[in-house]
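Below is one structure, written out as structure tokens; the observations come after it.
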Amino acid sequence: MDKEIKHGFGQGPGELFEGEYKKPLPMRLDRWLVSQRAEQSRAHVQKFIEAGFARVNGKTGKAKTPVRPGDIIQLWVPPPEPLPYLKPEEIDLDILYEDDHLIVINKTAGIAVHPAPGNKSGTLVNGLIHHCPDLPGIGGKLRPGIVHRLDKDTTGCIVIAKTQEALVKLQIQIQKRVASRNYIAVVHGAIKDNEGMIVGSIGRHPKDRKKYAVVDEESGRYACTHWKLIENLGNFSLLKFKLDTGRTHQIRVHSAHIGHPIIGDQTYSRCKKLPIKLDGQALHAIELGLIHPITLEKMKFTAPLPEDFERLLKVLQPKNNINSEVLDMP
């Protein structure tokens with residue numbers, strides 16, 4: 001039982017949902033509740049059921065309890081536990097778009113997305129809960145509103161949900177690859193091919209548990225990265241990437257795996273001599289495409305390159321001029 005569930009059914013502040021099951025065939029209680037509560041993930045619903053917060057015809061139900069036509073189902077949803085240890089901080093956010101349901105940020109290098117052991121302040125989440133006071137109730141304790149993440153030293157587009165319903169629907173878009181995430185990076189080495197696909201399961205490095213690596217299927221999770229060559233820049237190459245999956249450090253690990261690590265990557269690149277000093281690795285989430293979780297409008301966001309990335313391109317190729325048409329990846 002999770003510690004945050006402190007009350008019984010109907011006790012203390014919370015919300016009571018009640019509905020009648022009208023389908024002709026039986027269905028598991030947890031599945032029906034998920035279909036009726038788009039703002040709640042299946043994991044959350046199952047947690048409430050395990051806590052005794054779901055009833056069928058007045059009797060406490062289990063996740064696999066079958067519900068039948070005419071059954072009255074009740075779900076008690078307690079309020080989320082506050083986050084006393086996660087303090088709002090005034091952090092300068094480069095906001096690309098914002099409405100009542102979501103916010104899209106152009107993340108800078110050097111800022112972690114969410115707290116981690118030994119890093120409970122100065123994160124994007126700290127700045128977001130200062131900007132959006134209602135955010136702590138969305139999506140869990142350490143990652144309120146976070147739909148997907150970017151590494152600390154990766155820059156660019158990241159979307160954050162401002163409501164539980166938006167969070168669940170956006171996460172589904174990421175999982176089902178409805179949302180598109182395009183990146184550009186400068187890597188070591190001159191690449192000869194124009195495009196390619198890297199497929200390799202990613203898991204913990206067998207010798208360094210702080211790193212990730214391409215491992216066998218049993219030890220890791222399937223990962224697929226598409227890339228296209230934008231331009232060769234002497235001993236370096238400018239690439240664009242599109243993710244099929246979203247594993248931790250995926251682009252960085254896959255790039256290093258094929259012998260072309262990203263410039264400035266202190267974890268996966270051994271080359272310490274760089275053309276210029278960088279704030280992080282030369283990896284930028286330049287474009288994010290999604291369907292608005294409430295209005296269903298197709299949306300596309302583009303994050304301008306960081307200053308150090310632009311300086312790097314000017315040093316490597318003074319006449320380099322990157323435009324949106326070149327960066328499009330179907």
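The values are calculated or read from the model by the stated rules, or taken from the named source; none is laboratory data. Because the structure is predicted, anything quoted here is derived from the model rather than measured. Please note: Cβ atoms are built from the backbone with ideal geometry, for glycine as well, and neighbour counts cover all protein chains shown. Please note that ligands, DNA and RNA were not included when accessible areas were found on the heavy atoms of the full protein model with its side chains. Shrake-Rupley method; radii C 1.70, N 1.55, O 1.52, S 1.80 Å.
When ASP208, ASP153 are screened for being acidic (Asp, Glu), out of contact with any strand residue (DSSP E or B) (no Cβ under 9 Å at 6 or more places or on another chain) and open to solvent by 30 Å² or more (accessible area, probe 1.4 Å), only ASP208 passes.
Would you call GLU231 in contact (Cβ under 8 Å) with a residue 12 or more places away in the chain and open to solvent by 70 Å² or more (accessible area, probe 1.4 Å)? Taking the combined requirement at face value, the residue does not satisfy it. Looking only at residues in segment 35-51 that are under 16 Å from VAL147 (Cβ atoms) and open to solvent by less than 60 Å² (accessible area, probe 1.4 Å), the one that is modelled with the highest pLDDT is HIS44. Within segment 175-195, restricting attention to residues that are outside any loop (DSSP other than H, G, I, E, B) and free of Cβ contacts under 8 Å to residues at least 40 places away in the same chain, the residue that is nearest to PRO306 (Cα to Cα) is GLU195. In the set (1) over 18 Å from the mean Cα position of the chain (by Cα); (2) touching a residue at least 12 places away in the same chain (Cβ under 8 Å), the condition left unmet by TYR222 is number (1).
Cβ separations smaller than 7 Å between residues 6+ apart or across chains give the following pairs from segment 40-65 residues that are closer than 30 Å to LYS162 by Cα to residues that are among the acidic types (Asp, Glu) and surrounded by fewer than 14 Cβ atoms within 10 Å (Cβ to Cβ): LYS47/ASP2.
Conditions tested, residue by residue: (1) aromatic (Phe, Trp, Tyr); (2) crowded, with 17+ Cβ neighbours inside 10 Å; (3) within 22 Å of ILE291 (Cα to Cα).
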{"position": "ILE129", "(1), (2), (3)": "no, yes, no"}
{"position": "GLY145", "(1), (2), (3)": "no, yes, yes"}
{"position": "ARG177", "(1), (2), (3)": "no, no, yes"}
{"position": "ASN182", "(1), (2), (3)": "no, yes, yes"}
{"position": "LEU238", "(1), (2), (3)": "no, yes, no"}
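Residues of segment 80-129 that are of a type outside the set (Asp, Glu), modelled with pLDDT of 90 or more and farther than 19 Å from LEU150 by Cβ: HIS101 alone.
Of the residues making up segment 202-213, none is in contact with an Asp or Glu (Cβ under 6 Å, 6 or more places away or on another chain) and either outside the structural domain of CYS157 (by the TED database) or of a type outside the set (Phe, Trp, Tyr) (or both). Take THR302 and tell me if it is modelled with pLDDT of 95 or more and touching an Asp or Glu at 6+ places or on another chain (Cβ under 6 Å). Yes: the conditions hold for THR302. For HIS292, the conditions (1) within 25 Å of LYS192 (Cα to Cα); (2) surrounded by fewer than 21 Cβ atoms within 10 Å (Cβ to Cβ); (3) out of contact with any Leu (no Cβ under 7 Å at 6 or more places or on another chain) are fulfilled apart from (1). Answer yes or no as to whether LEU25 is open to solvent by 70 Å² or more (accessible area, probe 1.4 Å), at pLDDT 90 or above and in a loop (DSSP other than H, G, I, E, B). Against the criterion (open to solvent by 70 Å² or more (accessible area, probe 1.4 Å), at pLDDT 90 or above and in a loop (DSSP other than H, G, I, E, B)), LEU25 qualifies.
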